[in-house]
Amino acid sequence: MSYLLHIDSSSLGEASVSRQVAQSFRDRWEGPVVHRDLAASPVPHLTAAGVTARGTAPAQHTPEQGKAQALQDELIEEFLGAGAYLFTVPMYNLSMPSVFKAWLDQILVTDRTFTHAGASPAAGRPALLISARGGSYAPGAPREGLDYLVPTLETVLGHEDLLGLDVTTVTPELTMAPHAPALASLLPLHEASMKAAHDHARDLATAFGTARTA
């Protein structure tokens, strides 16, 4: 039976809004889960050994290449074994936490997780991307256009020439409103965003589960 692969990347533990919304999804999800917490157990950044191992016959691997290849194999097999995905990736400095980028670099391998000649082996599988952010980058907001996280991940995770997942994005916004006096007037908007995010996550867990058993 395939499983939900849950990749966490927030450094804030239980205080993380992204993790809290993900928990609403998990509470509704029925089925096995493989959970990888990159903040607690980060994967190494891609090295020269990891890059060159991909184009070198295993019998000719150096010890460093062999170790790097073994890690990539583990992560790729874990990724491809999943039937659905939950990514909790908060916005850090307008982009993604470096631990998530490290994970992506390890699993994005031509002719294994994507190909230039057809669909990815994971194409069409449902994925939820949860990305909390302290402010708002929505249309009309002062920082509209400065979100370099969601567009990048929606492309990498969802583009038909890359991983090809069926990605839905949930963005709990204005998470600094309860903590920053200058944002106090935006607290109602934050609370509405949080409610919508939790509700959407629960609904998607049901929808993903229904699709998995159909």
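No value in this document is a laboratory result; all are computed from the given coordinates. From a predicted model like this one, the values you see are computed outputs, not experimental measurements. All Cβ positions, even for glycine, are placed from backbone atoms using ideal geometry, and neighbour counts span all protein chains on display.
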Practice task
Whole Å is fine, so just give me how far the alpha carbon centre of the stretch 36-74 lies from that of the stretch 139-175.
Solution key: 28 Å
Exercise for the section: Could you order peptides 126-134, 192-200 by the average number of other Cβ atoms within 10 Å of their residues, highest first? Expected result: 126-134, 192-200
Practice task
Working from Cα positions, state the angle (0 to 90°, nearest 10) between the long axis of helix 63-80 and the longest principal axis of the chain.
Solution key: 50 degrees
Handout entry: Convex hull of Cα atoms in the stretch 123-197, direction-averaged projection (nm²)
Key = 5.3 nm²
Practice task
Would you mind telling me the antiparallel percentage of the DSSP bridges in the stretch 76-214, rounded to 5?
Solution key: 10 percent
Exercise for the section: Using only Cα atoms, tell me the angle between helix 187-213 and the longest principal axis of the chain; keep it within 0 to 90° and round to the nearest 10. Expected result: 40 degrees
Problem - For the chain, the fraction of alpha-carbon pairs in successive 10 Å shells from zero, as % - result: 8, 32, 35, 18, 6, 1, 0
Exercise for the section: Taking the dipole about the Cα centre of the chain, with the C-beta of Lys and Arg at +1 and of Asp and Glu at -1, give me whichever of 50, 102, 81 is farthest to the positive side. Expected result: 102
Exercise for the section: Quote the Stokes-Einstein diffusion coefficient, in whole µm² s⁻¹, for the stretch 61-136, based on the Kirkwood radius over alpha carbon pairs, a temperature of 4 °C and a viscosity of 1.567 mPa s. Expected result: 91 µm²/s
Problem - Amide hydrogen neighbours beyond the local backbone of residue 85, cut-off 5 Å, H modeled - result: 5, 127, 128
Completion exercise
Net charge near residue 18 (other residues with Cβ under 11 Å of its Cβ; Lys, Arg +1; Asp, Glu -1) is +1
Problem - Amide H contacts of residue 109 (H built 1.01 Å from N, under 5 Å, at least 5 apart or other chain) - result: 114
